[in-house]
Every structure is written in structure tokens, then in C-alpha cells.
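Everything below concerns the one structure shown next.
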Amino acid sequence: MNSNREDYIKIIYELQEFSPLVHNKMIAAKLNVSPASVSEMITKLQKADLITTSEDTSIHLSESGEALGQQLLRKHRLWETFLVEKLGYPWDAIHDDAELLEHVTSERLESALNHFLNQPSFCPHGSPIYGNGSGERTLVLLSDLPLNQMASFERVQDDHDLLVYLSSLDFKVTDRFTIIEKEPYEGSLKLERQEGSVFSLSYKAASQLYGSVLSE
């Protein structure tokens, strides 16, 4: 299994975390490769019994593909956590280095890293680190959260431009806020932080962020 194939398996698994149907076009956009390259790799992964395809052309990981994808994401997210917590990387600059490290991480190193980090449940983007008891969460897109209820920002898709944008707003996972206004026709949202400051969040960003309403 070379790193290129591993990247495809990991991306398919990650896409399935957010969408029940994964297609070639989504993979091509995520990996920044041509649709033809994706089609070629999909054929190879099918022959290796790592994926299956449906009549609607959607792509699904096999049992062995699921196991591999979960293992790769676990390593990737452990390294992302290490880079942020121990080396002070900003969360929008960790993906590429974590990508390199995951492919050369043995089981022994993974176990030691996990122990060193005290078995974190989630990475800096709020994504689960499998095997560390993250459990099931019921999350809602921020764009769908109700007005005037205290909520918590729980997860963001790993997209560099989006993370840079959120950094410019100083809006981070675990921040608490209330949506006090939604502009019509998919306009921006006005959020009030728990400490009282107010800022605007674009609808496009809000439709890629996940949160939950906090109990009274």
C-alpha cells in the first residue's frame, strides 16, 4: 500500500463522515487532482477490494477499506494534535506535515504518541480520534442553528482557506456563542460570543461548521 493509495482511502473515509454519498468529483476536488486520475485510482482500489461502487456511481469503502481509513485518520489527527499542542502550530498550518508523518508512523510510535498526548478524543478541528472514546455526537450545521440560543462550536471541515478565515475572526472549536441575527437569502450570520463581543460569519463558512445547542 503506497502513500498515494492511502491518501485516497483516507479522503473517502473523511468525506463519508460528512456525506453518505461520495463521488469522483468530490475526491478530485479534495485531492486537487483530475477526474481521470480519480477514475484510474478507483479502479485499482476496487481490484484491491478496498472499495465498492453503487449503481448511482457513489463510492463506498469495504470492511478492510474502512479499517484502513480509520487507522490513517487516527494517525493524522494525533499528529495534528501534537503539532498544535506541543509545537505551537496554528490550526491552518498542520495538515501537510501531519500528512507526511502519518505515512511513516508505526503502530509502536502511534501508541507512544497517543499516550504522550493523554489519549485525546478530538483533533484541533474537532474531528474524532478513533479509539480514544470520542463517542457519537449530534451536531448541526451552524447555518441551521436556531436564533438566540447559546451554542458551542464543535467541528470544522479541514479546509485551509476556511481555517484561515476563521483564524482572522478568532473563532475556534469549543467557543460558545449565540446567533442573534440571520440575514435573508443566505446572508451572513451575526454571532455574539459568550463574553459579549459580536462578529459576522459568512453563510458559506457557517454551512461548513458544526455545533450544538447547549442545555439550559
Inset, instruction - State to the nearest 20 debye the size of the charge dipole of region 1-107 about its Cα centre, where the only charges are +1 on K and R beta carbons and -1 on D and E beta carbons. - result: 140
Inset, instruction - Quote the accessible area belonging to T43 in square angstrom, nearest 10, computed with a 1.4 Å probe and with ligands, DNA and RNA left uncounted. - result: 60
Inset, instruction - Mind jotting down the distance between the C-alpha centroids of region 147-193 and region 8-47, whole Å? - result: 28
Inset, instruction - Let me see the pair-distance distribution of region 164-216: every alpha carbon pair, 5 Å bin width, integer percents in order. - result: 4, 17, 31, 30, 14, 3, 0
Inset, instruction - Divide the volume of the convex hull of the Cα atoms of region 1-49 by its number of residues and quote the answer in cubic angstrom per residue. - result: 72
Legend entry - Charge dipole of region 41-152 about the Cα centre (unit charges at C-beta), most positive-ward option of I94, L45, V84: V84
Inset, instruction - Determine which residues of region 195-211 fall in the zone a paramagnetic label at Y165 would reach in this model, i.e. backbone nitrogen under 14 Å from the point 7 Å along Cα→Cβ. - result: 200-210
Legend entry - Accessible solvent surface per residue of region 40-140, calculated while the other protein chains remain in place, 1.4 angstrom probe, Å²: 53
Legend entry - the chain: relative contact order in percent, alpha carbon pairs under 8 Å with at least 6 residues between: 15
Legend entry - the chain, helix-only ellipticity at 222 nm - DSSP H runs n ≥ 4, -39,500 (n - 2.57), divided by all residues, nearest 500: -13000 deg cm²/dmol
Inset, instruction - Take the solvent-accessible surface of the protein heavy atoms, probe 1.4 Å, and return the percent of it on the chain that carbon and sulfur atoms account for. - result: 49
Inset, instruction - Could I have the simple spin-label model distance between L214 and S3, label points 7 Å from Cα toward Cβ, reported in nm to one decimal? - result: 4.1
Legend entry - Placed amide H near E181: partners under 5 Å, 5+ positions off or other chain: K190
Inset, instruction - Whole number please: convex hull volume per residue, Cα atoms of the chain, in Å³. - result: 144
Inset, instruction - Could you please put I12, I180 in sequence from largest to smallest accessible area, using a 1.4 Å probe? - result: I180, I12
Inset, instruction - Mind grabbing the accessible area of D170 for me, 1.4 Å probe, Å², rounded to tens? - result: 90
Inset, instruction - Please identify, among K75, K172, K182, the residue showing maximal mean-square fluctuation in a Gaussian network model of the chain using a 10 angstrom Cα cutoff. - result: K182
Legend entry - Unit Cα scatterers, Debye sum, region 18-113: log10 I(q)/I(0) for q = 0.18 Å⁻¹: -0.96
Inset, instruction - Report the accessible area of D7, computed with a 1.4 Å probe over the heavy atoms of all protein chains in place, in Å² rounded to the nearest 10. - result: 30
Inset, instruction - List the lysines whose Cα lies under 21 Å from the Cα of K75, skipping any in the same chain that are fewer than 8 positions away. - result: K10, K30, K86
Legend entry - Gain upon complete extension [L139, A36; 0.36 nm per residue less C-alpha separation]: 33.6 nm
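The values are calculated or read from the model by the stated rules, or taken from the named source; none is laboratory data. Quick caveat: nothing in here was measured; it's all calculated off a predicted structure. Cβ sites come from the backbone with ideal geometry, for glycine too, and all protein chains shown count toward neighbours. Calculation scope for accessible area: heavy atoms of the full protein, side chains included, ligands and nucleic acids excluded. Shrake-Rupley method; radii C 1.70, N 1.55, O 1.52, S 1.80 Å.
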